[in-house]
Amino acid sequence: MEKDIITLGIESSCDETSAAVVKNGREVLSNVINSQIKIHEKFGGVVPEIASRNHINNISGVVEEALKQADLTYNDIDLIACTYGPGLVGALLVGVSYAKGLSYALNKPLIGTNHIEGHIAANYITHKDLKPPFLCLIISGGHTHLVHIKDYTEFEIIGKTRDDAIGEAFDKVARVIGLGYPGGPKVDKMAKDGEANIELPKTHLDNLDFSFSGIKTAVINLHHKNPDINKSNLCASFEKTVTEILIENTIKAAKQLNIKSIALAGGVSANSYIRQEFINLEKKGYKIYYPESILCTDNAAMIASAGYYRYINGTKSDLTLNAIPNLKIE
Ligand code: KG4
Ligand code: ZN
């Protein structure tokens with residue numbers, strides 16, 4: 001039997017300081033997530049400088065806790081995978097610098113890992129049978145991408161947002177109607193009591209790209225003109241319309257590529273309505289995958305998984321690794 005490979009994952013791209021220990025890329029031994037949501041909530045969004053400072057305070061303790069929960073020591077680690085982009089530069093630098101220091105001190109390989117690849121890899125942890133090729137819809141606070149996953153480390157973006165990421169639209173709608181930050185889970189909850197009876201605009205583009213600024217502005221204007229509008233109905237209508245947009249493009253892409261396996265990824269894939277509507281596609285012969293909720297939002301287990309696949313594919317970073325705030329996945 002081949003030796004197990006133990007990856008320590010480190011994630012600090014936004015407002016979660018996270019460290020995880022993952023065996024052979026798919027088995028989570030620990031996944032410690034220190035969320036700063038409570039700290040940023042009062043500002044209505046993530047304040048980059050405050051996020052960096054909190055990552056600095058948290059990182060050592062979070063890594064130690066991840067090893068403790070996995071019942072392992074530093075010497076048991078085979079490689080260190082850290083997020084080096086995309087994300088907030090100051091926040092990323094904390095994880096990257098820490099991982100570089102640890103890699104040097106322990107003399108273990110360092111793998112700079114793309115945060116978006118991490119979101120995709122969250123599916124490998126939840127679904128032990130999932131293998132490329134498949135189509136992945138990445139819907140998060142910073143990204144809305146339709147990606148053809150050709151292999152574990154080979155990707156092609158076939159559609160992306162031209163303006164707002166879908167998570168941004170959720171957060172903005174929530175803020176405007178007074179639900180607070182982060183808005184996605186609040187809109188999700190509010191929509192459950194509503195009826196999707198308000199017509200909202202859908203922007204159709206002639207390729208597989210998305211656009212959410214029109215619907216976001218329409219919701220803001222509706223609320224501005226009529227502050228007493230039923231918020232549950234507005235949330236339900238917003239969710240229904242954006243889900244239709246997501247499904248239309250995803251199915252178009254699946255048909256073009258002749259692919260039946262579709263995975264969801266990213267924070268917004270925790271949305272209960274979106275999930276259900278995608279699950280309904282199974283009746284049409286598609287196989288739908290999505291990570292368990294804790295792996296949808298930012299966490300280090302997904303980074304360890306993506307880093308592991310990079311490692312076995314021969315990628316290795318050195319101590320010149322730097323944070324790249326606008327890192328792409330292709
Ligand atoms: O993936 P993520 O944690 O961070 C990024 O990489 O961007 O995604 C965060 C986003 C936020 O916009 C948040 O409002 C949204 O995911 N989100 C949700 C839900 N849970 C988190 N959006 C809709 N419904 C949810 N249940
Ligand atoms: Zn993320």
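FYI, it's all coordinate maths here, none of it is from the lab. No experiment lies behind these values; they were computed from the predicted model shown. Cβ: placed from backbone, ideal geometry, glycine included. Neighbour counts: every protein chain shown.
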**Fill in**
Per the C-alpha gyration tensor (a ≥ b ≥ c, the square roots of its eigenvalues), region 201-253 is rounded if a/c is under 1.5, else prolate if a/b beats b/c, else oblate; here it's oblate
**Asked** Given a Förster radius of 30 Å and the C-beta distance between LYS128 and LYS160 as r, what FRET efficiency does 1/(1 + (r/R0)^6) yield to the nearest 0.05?
**Response** 0.55
**Prompt:** Length gain on complete extension for the stretch ALA105 to ASN197, per 0.36 nm per residue less the alpha carbon to alpha carbon distance?
**Reply:** 27.2 nm
**Message:** At 20 °C and a viscosity of 1.002 mPa s, what translational diffusion coefficient does Stokes-Einstein give for the chain, taking Rh as the Kirkwood radius over Cα pairs? Give it in µm²/s as a whole number.
**Reply:** 106 µm²/s
**Message:** Could you order the peptides 61-69, 131-139 from most to least packed, using the average number of other C-beta atoms within 10 Å per residue?
**Reply:** 131-139, 61-69
**Request:** Calculate, in nm to one decimal, what SER272 and THR320 gain on full extension: separation in residues at 0.36 nm each, minus their alpha carbon distance.
**Result:** 13.1 nm
**Request:** Name the residue, out of ASN75, ASN280, ASN233, whose mean-square fluctuation peaks in a Gaussian network model built on the chain with Cα pairs under 10 Å.
**Result:** ASN75
**Fill in**
Of all DSSP beta bridges having both residues in region 23-174, the percent classed as antiparallel (nearest 5) is 70 percent
**Message:** Given the DSSP H assignment, sum -39500 (n - 2.57) over each helix run of at least 4 residues in the chain and divide by its residue total; what's the result at 222 nm in deg cm²/dmol, nearest 500?
**Reply:** -13500 deg cm²/dmol
**Asked** Quick one: Debye curve from the C-alpha atoms of region 132-291, no solvent, what's log10 I(q)/I(0) at q = 0.14, 0.15, 0.16, 0.18 Å⁻¹?
**Response** -0.66, -0.75, -0.85, -1.05
**Prompt:** Taking other Cβ within 10 Å of each residue's Cβ, how do MET302, MET190 sort, fewest first?
**Reply:** MET190, MET302
**Prompt:** Rounded, prolate or oblate: which one fits region 204-287, using the alpha carbon gyration tensor with axes a ≥ b ≥ c (rounded when a/c is under 1.5, else prolate when a/b beats b/c, else oblate)?
**Reply:** prolate
**Prompt:** So for HIS127, HIS119, fewest C-beta neighbours within 10 Å to most, what's the order?
**Reply:** HIS127, HIS119
**Prompt:** Taking 0.36 nm per intervening residue step and subtracting the Cα-Cα distance, what contour gain separates GLU244 from ILE294 on full extension?
**Reply:** 15.5 nm
**Item:** Proximal charge balance of GLY44 [Cβ under 15 Å; K/R count +1, D/E count -1]
**Value:** +1
**Asked** Roughly how many nanometres apart are two label points built 7 Å out from the Cα toward the Cβ at ARG53 and ASN230?
**Response** 4.5 nm
**Request:** Only bridges with both residues in the chain count here: give the DSSP antiparallel percent, nearest 5.
**Result:** 60 percent
**Request:** Looking at region 132-291, send over the antiparallel percent of its DSSP beta bridges, to the nearest 5.
**Result:** 60 percent
**Asked** Toward the positive end of the charge dipole of region 132-291, about the Cα centre and with charges on Cβ (Lys, Arg +1; Asp, Glu -1), which of TYR286, SER237, GLY141 goes farthest?
**Response** TYR286
**Prompt:** How high is the relative contact order of region 132-291, given as a whole-number percent (alpha carbon pairs under 8 Å, six or more residues apart)?
**Reply:** 26 percent
**Request:** With +1 on each Lys and Arg Cβ and -1 on each Asp and Glu Cβ, and nothing else charged, work out how big the dipole of the chain is about its Cα centre, in Debye to the nearest 20.
**Result:** 360 debye
**Prompt:** Going by the alpha-carbon gyration tensor, a ≥ b ≥ c the square roots of its eigenvalues, is region 15-78 rounded (a/c under 1.5) or, if a/c is not under 1.5, prolate (a/b greater than b/c) versus oblate?
**Reply:** prolate
**Prompt:** Once Rh for region 71-188 is found with the Kirkwood sum over Cα pairs, what is the Stokes-Einstein diffusion coefficient at 25 °C and 0.890 mPa s, in µm²/s?
**Reply:** 147 µm²/s
**Item:** Computed label-point distance, nm, for sites ILE39 and HIS204 using a 7 Å Cα→Cβ extension
**Value:** 4.7 nm
**Complete:** At R0 = 41 Å the Cβ-Cβ FRET efficiency linking ILE312 and THR217, nearest 0.05, sits at 0.35
